[in-house]
Structures are given as C-alpha cells and as structure tokens.
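Chemist: Below you'll find the structure I mean.
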Amino acid sequence: DSSFKNQINNIINHSALSLQLIQEVNLADFFKNNMMVVLQKMEKSFGII
C-alpha cells in the first residue's frame, strides 16, 4: 500500500531530522561546556577572578 509506504518514509525522515537536531544541540552543549572549562582554567592560571 503506497500510503502506508509514504507514512513510513515520513516517519523515517522526521526521525532522521530530529536525530540531526539532537546531535547539533549536543555538539553545541559540548562546545559550550568545553569553553567554560577552558575559561575557568585560564582564569586560574592568569589569576583573573
């Protein structure tokens, strides 16, 4: 049934899109956390608090 196939395709496309979004959000958080750590280390080594 073609409508059933279309539904499955839509579900696959939507989950692929949301997975991509999740990965991008995770990457953003990852970089944000890394920057915070780097900034904290810089503050400690330069004594800027």
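Read-outs throughout are calculated quantities, based only on the coordinates presented, and are distinct from any laboratory measurement. Keep in mind the model is a prediction, meaning the values are calculated, not measured. Glycine gets a Cβ as well: all are built from the backbone with ideal geometry, and neighbour counts include every protein chain shown.
Chemist: What are the ³J(HN,Hα) values, in whole Hz, obtained from phi via the Karplus relation 6.51 cos²θ - 1.76 cosθ + 1.60 with θ = phi - 60°, for each residue of the stretch 42-47 in sequence order, with x given for Gly and Pro?
Modeler: With coefficients 6.51, -1.76 and 1.60, one gets 4, 4, 5, 6, 9, x Hz.
Chemist: Want the number for Met35 to Asp1: 0.36 nm per residue separation, take away the alpha-carbon distance, what's left?
Modeler: Details: separation 34, 0.36 × 34 = 12.24 nm, distance 5.12 nm.
Separation in residues times 0.36 nm, less the Cα-Cα distance, equals 7.1 nm.
Chemist: Lys44: which aspartates and glutamates have alpha carbons under 15 Å from its alpha carbon, excluding same-chain residues fewer than 8 sequence positions away?
Modeler: none
Chemist: Which value in deg cm²/dmol, rounded to the nearest 500, describes the helix-derived mean residue ellipticity at 222 nm for the chain, given -39,500 (n - 2.57) per DSSP H run of n ≥ 4 and division by the residue count?
Modeler: Details: 1 runs with 45 residues, N = 49.
Value at 222 nm, helices only, nearest 500: -34000 deg cm²/dmol.
Chemist: Here's something else I'd like to know. For the pair Met42 and Ala16, what calculated FRET efficiency results from E = 1/(1 + (r/R0)^6), where r is the Cβ-Cβ distance and R0 = 35 Å, to the nearest 0.05? It would help to have the intermediate numbers written out before the result.
Modeler: Values: r = 39 Å, r/R0 = 1.11.
So, using R0 = 35 Å, E works out to roughly 0.35.
Chemist: With +1 on each Lys and Arg Cβ and -1 on each Asp and Glu Cβ, and nothing else charged, work out how big the dipole of the chain is about its Cα centre, in Debye to the nearest 20.
Modeler: Values: 4 positive and 4 negative charges, 38 e Å.
Once rounded to the nearest 20, the dipole reads 180 debye.
Chemist: Expressed in whole Å with the largest first, what are the equivalent ellipsoid semi-axes of the chain derived from the C-alpha gyration tensor as the square root of 5 times each eigenvalue? Walk me through the numbers before you get to the answer.
Modeler: Working: eigenvalues 427, 4, 3 Å².
In descending order, the three semi-axes are 46, 4, 4 Å.
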